[in-house]
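What follows is a set of notes on a single structure, which appears directly below.
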Amino acid sequence: MNKFSLKIQIVFTYLTILAAVFNCLLGLGFMTDFYTLFMNGNDEMYNFFKELQTVNTALFSFGLTFLVMSLFLLTFDINKKTAGIFGVSYTLIAAIINIIRGASVLSSNLAFRTRYEKLDYSAIEGYAPSTAPFEMISALLIISMMIIVLLFSLTLINYLLDRKEGLNEKS
């Protein structure tokens, strides 16, 4: 067993949990930057704000599901040792769910970003529109999906290396 590979697996386990926490926190604070549209904007901005709640809800739901699933990684001791077949299977399931749900949120986020860029902000004096919240969501979702896929890859590689060593010891 390659100890360096196991250490990387442990680091990626905690990175997965950290990414999930950041997704939850971003889901909680995402709408803050758009409150001015709700309070001071015109009807078009108000309607956009209400519809944007769907992205916020989807992001928070994604983050919460991702957090719960990432905390379950600890029950398989992926943060301590080479995963068994159930641990590897669980990381695969977590990766698939994360990619499917993340891609859905990412798609909605991009659609709303396009709509946000087309709004006329002349009704709100001194308002400087920024796509930073949309960009943060996109970046965090992509990073989260990459981290969980890398964690799955690491757990699979470590599992296969451990099995190979076990077979070599029996010979």
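So, of the residues in region 26-57 that are open to solvent by 40 Å² or more (accessible area, probe 1.4 Å) and either within 11 Å of the chain's Cα centre (by Cα) or in contact (Cβ under 8 Å) with a residue 40 or more places away in the chain (or both), which turns out to be nearest to SER108 (Cα to Cα)?
Here the residue is THR54.
From the list ILE96, ILE143, ILE85, which residue is open to solvent by 70 Å² or more (accessible area, probe 1.4 Å), touching a Phe, Trp or Tyr at 6+ places or on another chain (Cβ under 8 Å) and more than 30 Å from ASN47 (Cβ to Cβ)?
Numbers: ILE96 fails: touching a Phe, Trp or Tyr at 6+ places or on another chain (Cβ under 8 Å); ILE143 fails: touching a Phe, Trp or Tyr at 6+ places or on another chain (Cβ under 8 Å).
Just one listed residue meets the conditions, ILE85.
When you scan region 115-132, do you find a residue that is of a type in the set (Asp, Glu) and within 19 Å of the chain's Cα centre (by Cα), even just one?
Looking only at region 115-132, we keep the residues that are of a type in the set (Asp, Glu), and these are 117, 120, 125.
Subset that is within 19 Å of the chain's Cα centre (by Cα): none.
No, that holds for no residue.
Only one of GLU117, GLU125 is at pLDDT 90 or above, open to solvent by 30 Å² or more (accessible area, probe 1.4 Å) and not hydrophobic (A, V, I, L, M, F, W, C). Can you tell me which? Working first, answer last.
Values: GLU125 fails: at pLDDT 90 or above.
So the residue among GLU117, GLU125 that is at pLDDT 90 or above, open to solvent by 30 Å² or more (accessible area, probe 1.4 Å) and not hydrophobic (A, V, I, L, M, F, W, C) is GLU117.
Can MET1 be described as at pLDDT below 95 and farther than 30 Å from GLY166 by Cβ?
No.
If I filter region 52-97 down to residues being among the small types (Gly, Ala, Ser) and part of a loop (DSSP other than H, G, I, E, B), which single residue comes out as nearest to LEU37 (Cα to Cα)?
ALA83
Give the residues of region 17-55 that are more than 15 Å from SER130 (Cβ to Cβ) and polar (S, T, N, Q), sorted by residue number.
Across region 17-55, the qualifying residues are ASN23, ASN40, ASN42, ASN47, GLN53, THR54.
Considering (1) surrounded by 15 or more Cβ atoms within 10 Å (Cβ to Cβ); (2) modelled with pLDDT under 90; (3) under 30 Å from ILE93 (Cβ atoms), say which one THR16 fails and leave the rest.
Condition not satisfied by THR16: (2).
For region 146-171, give me the residue count where each residue is of a type in the set (Ser, Thr, Tyr), buried (at least 18 other Cβ atoms within 10 Å of the Cβ) and under 22 Å from the mean Cα position of the chain (by Cα).
Total meeting the criteria: 1.
The values are calculated or read from the model by the stated rules, or taken from the named source; none is laboratory data. Remember, predicted model here, so these are calculated numbers, not experimental data. Glycine gets a Cβ as well: all are built from the backbone with ideal geometry, and neighbour counts include every protein chain shown. Protein only, heavy atoms only, side chains kept; ligands, DNA and RNA dropped before computing areas. Shrake-Rupley method; radii C 1.70, N 1.55, O 1.52, S 1.80 Å.
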